[in-house]
Amino acid sequence: MRFARPETLYDVPTHYCSGCGHGITHRLVAQAIDDLGVRERVIATAPVGCAVLMYDYFNCDVIECAHGRSPAAATGLKRCLPDRIVFTYQGDGDLAAIGTAETIHAANRGENITVVFINNAIYGMTGGQMAPTTMIDQVTTTTPHGRDARLQGPPIRVCELLSSLDGVAYLERVAVSTPRDVIQAGRAIKKAFQYQLDGKGFSLVEVLSMCPTDWKLPPVKAAEFVNEKMKRVFPLGVYKDKG
Amino acid sequence: MNDSETRIVIAGFGGQGVVLTGNVIARAAMIDGRNVTLMVSYGAEMRGGTANATVVLSDGPIASPYVETPDVAIVLNRPSLDRFEPVMAPNGHVIVNRSLIDRDVEREDLTVTSVEATSIAHELGNVRATNMVAMGAFAGATKLVGAEALAEAVRLAFQEKSAKLVELNTRALHAGLDAVTS
Amino acid sequence: MKTGTEKLFMKGNEVMSEAAIRAGCRFFAGYPITPQNEVPEYMSHRMPEAGGIFVQAESELAAINMLFGASATGARCMTSSSSPGISLKQEGISYIAGAELPCVIANMQRGGPGLGNIRASQGDYFQATKGGGHGDYHLIVLAPSTCQELWTLTMNAFDYADRFRNPVMILGDGILGQMAEPVEPTPYEPVCELPDKDWILDGCKGREPRVIRSLYLRPAEALAEHNRHLHAKYDRIRHALPRAEEIAVDDARLVVSAYGMTARIAGGAVHEARRRGMKVGLIRPITVWPFPEEPFLRAAEHARQFLVCEMSEGQMIEDVRLACQYRRPVAFYGQGGGWYPTPEKIFERIAVLYEECR
Ligand SMILES: Cc1ncc(C[n+]2csc(CCOP(=O)(O)OP(=O)(O)O)c2C)c(N)n1
Ligand code: SF4
């Protein structure tokens, strides 16, 4: 692992809480862009969620989209400028609740874009409500007695869901809760961008990520939560690879 | 605007019980039969910096729950003092948690009540009662809410949690009152 | 937390939620958005306790369409959001208005346009009162200015919705949603006669099948006929519902007007003006659609000038100008984007204008 700040990130403090997975993932995305030498060709979409301010951190062009609409906006960007590198960065509410339709259809059209999907099983920005990826029995501010499959359904597994779509080139689920996971996550993200460069189609990397604040856990426990609870419900690995 | 209106800010780190303190003061004012509003900082305002609650007390109708220039500030940490000192109303009153604030109040028009709130709470057995000590000092120094009403509001706030918490926070309230009145 | 008095002490968002439940609301669907998150959060535990249904929808668009279905069964139902989410509901609101389904929609407005910010605002007045979605329809729009009034108007909203088979919007803002003040929890009593819901869909056993729709293709004039029917209803609403509070207007030379949170703040400034012997009054529309025109026309007889205050760049001012039929100049004080007025600032403005009115 390299510790120098990637050129694709500005040298500024972020607003993320300590132990949050967004900061780590930002670094991995920026590193991948640096490694591929494409910073000046990148256009990113910022989500509505805790990463809404990513335009303050990423040293590249960024468009701030409506909640959940990034894949549609990215479609517009990429279709008009096919030789630019377009990626969306979205939370679970943004991607798998309000933006489900945009996600599925961008994937199904095989849009040649890269999606970095942060799954922290909760709505961070709005203060800890249920997300589509919230796990059974997980307590949130809108599931005070824990998520109940009979009332709220089971958590949505995005990689599994998208794996049946022919337009999808690459899907992998990774985590950022251990040093080893971080290394693998970096590889996956870089590969996803490489697929876009090669014109292979839609690529998505799902990152299991910590939200100590809304899980109401100290950072160390939050990483354990990913390792012990989330990885069981959301197994890591490659879900699709067109090669 | 209206003469009987007092605008109070309680500020500290998130986790110092600022919201709870605002709630207790507001409920005590209700028990005293006064008009009261409470507003708590929300959303992105809470991230990173200080959390704050604003209470407006009045005998007449309250025009705005939103406070730009507080008459009274209970500041539990240094960033809160830095933020609110410059915007205090002329001749306002600041209750300072001396344990965590290593500088003096600079404005000469302000009345200052210093209390070692965190140290006192520590002696009582739990630093989390810092807010209640500071609230006691506020009540003792400003007389804006009655001590009995506050004790009742503390009881109501903690009774559903545990008798121990009622006891601890009541002692903290009284320790704060004593610290400024003895 | 108990209060030690008979009164409730909760945030406006929670006051509204509890009032809805007391008024018989048994279906709530919503999606998180600041500054109204306390509504779905409160409903998530209170609704099941009250035997009702809470659904966290996947989006505001889904939430409003859940109401489309719930209302069709005759249930009292509600959704709430804040500005960006209300925009997303507009398609559904248009269908609901077209199909004449009663429901309650709360908007705790925040700064816009777009994602804007999360501070309180009144930038959605046009959207709320002039249509919002497509087609020629109206919502009934109520604008509470205190938590107590929020309690009462929430209850009234369900009655108006049922009486007129029309969606009703509670137009609040981030301050009203976030502030707490003592509320007397008055019991629910219907404010008007409530017609039988003889149009609901519950299975056609023992009756002719019914259809709820907003599509009118045939004969060619069917949609025009439907629109006439809707507008006859809006005329009845215009006749029955306009409400405003008037404070010290009778002899006023300068009449201030504002709604919701701004009206409450302006009230402080008007009070101060009176204390200093200035003849200043306040007209506070409680329904912003239908707009209470009559008090303005009356005030235009003696007032030299009006002053409209809003947490926007000026929207209700257009209705005030129309209501007083351009007989007097209408000045504006306000700002958009999450700016808050204070009684002091409004008073300064009053003092300047009052000089001109002498
Ligand atoms: C149309 C609309 N609805 C709701 C919101 C409020 N909102 C902001 S972020 C968010 C969800 C955040 O959760 P997630 O996407 O999981 O990202 P995280 O904050 O956890 O990173 C919501 C509901 C909004 N801004 N716009
Ligand atoms: S609330 Fe959660 S997701 Fe948001 S910055 Fe904090 S830890 Fe990260």
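The values are calculated or read from the model by the stated rules, or taken from the named source; none is laboratory data. This structure is a prediction, so every number in the text was calculated from the model and none was measured. We place every Cβ from the backbone using ideal geometry, glycine too, and count neighbours over all the protein chains shown.
So, of the residues in the range C:90-129 that are among the charged types (D, E, K, R) and either more than 12 Å from the chain's Cα centre (by Cα) or assigned to a helix (DSSP H, G or I) (or both), which turns out to be nearest to ligand 1 (Cβ to nearest atom)? I'd like the intermediate steps shown before the answer.
Going through the range C:90-129, the residues among the charged types (D, E, K, R) turn out to be C:91, C:100, C:110, C:119, C:124.
Retained after the next criterion (residues that are either more than 12 Å from the chain's Cα centre (by Cα) or assigned to a helix (DSSP H, G or I) (or both)): C:91, C:100, C:110, C:119.
Values: C:91: 13, C:100: 26, C:110: 9, C:119: 14 Å.
Restricting to residues being among the charged types (D, E, K, R) and either more than 12 Å from the chain's Cα centre (by Cα) or assigned to a helix (DSSP H, G or I) (or both), the top hit is C:110.
Considering the conditions (1) in contact (Cβ under 8 Å) with a residue 60 or more places away in the chain; (2) in contact with a Phe, Trp or Tyr (Cβ under 9 Å, 6 or more places away or on another chain); (3) surrounded by fewer than 23 Cβ atoms within 10 Å (Cβ to Cβ), residue C:223 is excluded by exactly one of them, (1).
Could you grab me the full set of residues in the range A:60-88 that are more than 15 Å from ligand 1 (Cβ to nearest atom), touching a strand residue (DSSP E or B) at 6+ places or on another chain (Cβ under 6 Å) and in a helix (DSSP H, G or I)?
Narrowing the range A:60-88 to residues more than 15 Å from ligand 1 (Cβ to nearest atom): A:60-63, A:74-87.
Still in the list and also touching a strand residue (DSSP E or B) at 6+ places or on another chain (Cβ under 6 Å): A:60-63, A:74, A:77-78, A:84-87.
Of everything in the range A:60-88, those that are more than 15 Å from ligand 1 (Cβ to nearest atom), touching a strand residue (DSSP E or B) at 6+ places or on another chain (Cβ under 6 Å) and in a helix (DSSP H, G or I) turn out to be A:74, A:77, A:78.
If the condition is being under 17 Å from residue C:288 (Cα atoms) and either more than 16 Å from the chain's Cα centre (by Cα) or not in a helix (DSSP H, G or I) (or both), then the range C:159-183 contributes C:166, C:167, C:168, C:169, C:170, C:171, C:172, C:173. In the set (1) within 14 Å of chain C (Cβ to nearest Cβ); (2) crowded, with 20+ Cβ neighbours inside 10 Å; (3) of a type in the set (Ser, Thr, Tyr); (4) within 16 Å of ligand 2 (Cβ to nearest atom), residue A:103 fails one condition alone, (4).
Only one entry in A:123, A:57 is out of contact with any Asp or Glu (no Cβ under 8 Å at 6 or more places or on another chain), within 16 Å of ligand 1 (Cβ to nearest atom), hydroxyl-bearing (Ser, Thr, Tyr) and closer than 22 Å to residue A:21 by Cα, namely A:57. Would you mind stating whether residue A:138 is touching a residue at least 12 places away in the same chain (Cβ under 8 Å), within 16 Å of ligand 1 (Cβ to nearest atom) and more than 20 Å from residue C:59 (Cα to Cα)? Considered against the rule, which asks whether it is touching a residue at least 12 places away in the same chain (Cβ under 8 Å), within 16 Å of ligand 1 (Cβ to nearest atom) and more than 20 Å from residue C:59 (Cα to Cα), residue A:138 comes out as yes.
For the range A:74-100, name all the residues that are among the small types (Gly, Ala, Ser) and either closer than 26 Å to residue A:127 by Cα or within 16 Å of ligand 2 (Cβ to nearest atom) (or both). Break it down stepwise before answering.
Let us first name the residues in the range A:74-100 that are among the small types (Gly, Ala, Ser), namely A:74, A:76, A:91, A:93, A:96-97, A:99.
Once the filter is applied, which keeps residues that are among the small types (Gly, Ala, Ser) and either closer than 26 Å to residue A:127 by Cα or within 16 Å of ligand 2 (Cβ to nearest atom) (or both), the range A:74-100 yields A:91, A:93, A:96, A:97, A:99.
Selection of the range A:204-241 for residues being within 16 Å of ligand 1 (Cβ to nearest atom), among the aromatic types (Phe, Trp, Tyr) and outside any helix (DSSP H, G or I) yields only A:234. In the range A:6-19, the residues that are under 11 Å from residue A:54 (Cβ atoms) and within 15 Å of ligand 1 (Cβ to nearest atom) form Cβ pairs under 8 Å with partners that are part of a loop (DSSP other than H, G, I, E, B) and basic (Lys, Arg), at six or more places apart or across chains, as follows: A:15/B:47.
Being within 14 Å of another protein chain (Cβ to nearest Cβ), surrounded by fewer than 23 Cβ atoms within 10 Å (Cβ to Cβ), more than 30 Å from residue C:82 (Cβ to Cβ) and within 16 Å of ligand 2 (Cβ to nearest atom) narrows it down to one residue among A:218, A:212; which is it?
Working: A:212 fails: more than 30 Å from residue C:82 (Cβ to Cβ).
When all the criteria are applied, what remains is A:218.
Inspect all residues belonging to the range C:133-142 and state whether any of them is closer than 14 Å to residue C:177 by Cβ and not hydroxyl-bearing (Ser, Thr, Tyr). Even if it seems obvious, please write down each step before you answer.
Going residue by residue through the range C:133-142, those that are closer than 14 Å to residue C:177 by Cβ are none.
For the range C:133-142, residues closer than 14 Å to residue C:177 by Cβ and not hydroxyl-bearing (Ser, Thr, Tyr): absent.
Figure legend. Inter-residue proximity from the range A:22-51: first residues closer than 19 Å to residue A:69 by Cα, second residues within 16 Å of ligand 2 (Cβ to nearest atom) and assigned to a loop (DSSP other than H, G, I, E, B), beta-carbon distance below 6 Å, spacing 6+ or different chains. Indicated pairs: A:48/A:67; A:49/A:125; A:50/A:124; A:50/A:125. Selection of first residues in the range C:63-88 that are not assigned by TED's automatic domain parsing to the domain that holds residue C:116 and of second residues that are in a helix (DSSP H, G or I), restricted to Cβ pairs under 7 Å at least 6 apart or on distinct chains, gives an empty result. Every residue in the range C:65-89 that is within 12 Å of ligand 1 (Cβ to nearest atom), farther than 21 Å from residue A:140 by Cβ and either in a strand (DSSP E or B) or out of contact with any His (no Cβ under 8 Å at 6 or more places or on another chain) (or both), please. Answer for the range C:65-89, where residues must be within 12 Å of ligand 1 (Cβ to nearest atom), farther than 21 Å from residue A:140 by Cβ and either in a strand (DSSP E or B) or out of contact with any His (no Cβ under 8 Å at 6 or more places or on another chain) (or both): C:83, C:86, C:87, C:88, C:89. Among the residues of the range C:300-340, those identified as in contact with a Gly (Cβ under 7 Å, 6 or more places away or on another chain) and either farther than 19 Å from residue C:129 by Cβ or assigned to a loop (DSSP other than H, G, I, E, B) (or both) are C:311, C:312, C:313, C:314, C:336, C:337, C:338. Residues of the range B:140-156 that are aliphatic (A, V, I, L, M), closer than 14 Å to residue B:26 by Cα and touching a residue at least 40 places away in the same chain (Cβ under 8 Å): B:144, B:145, B:149, B:150, B:153, B:154, B:156.
Look through the range A:114-142, keep the residues that are assigned to a strand (DSSP E or B) and either over 19 Å from the mean Cα position of the chain (by Cα) or within 13 Å of chain C (Cβ to nearest Cβ) (or both), and return whichever of them is farthest from ligand 2 (Cβ to nearest atom).
Among them, the one singled out is A:136.
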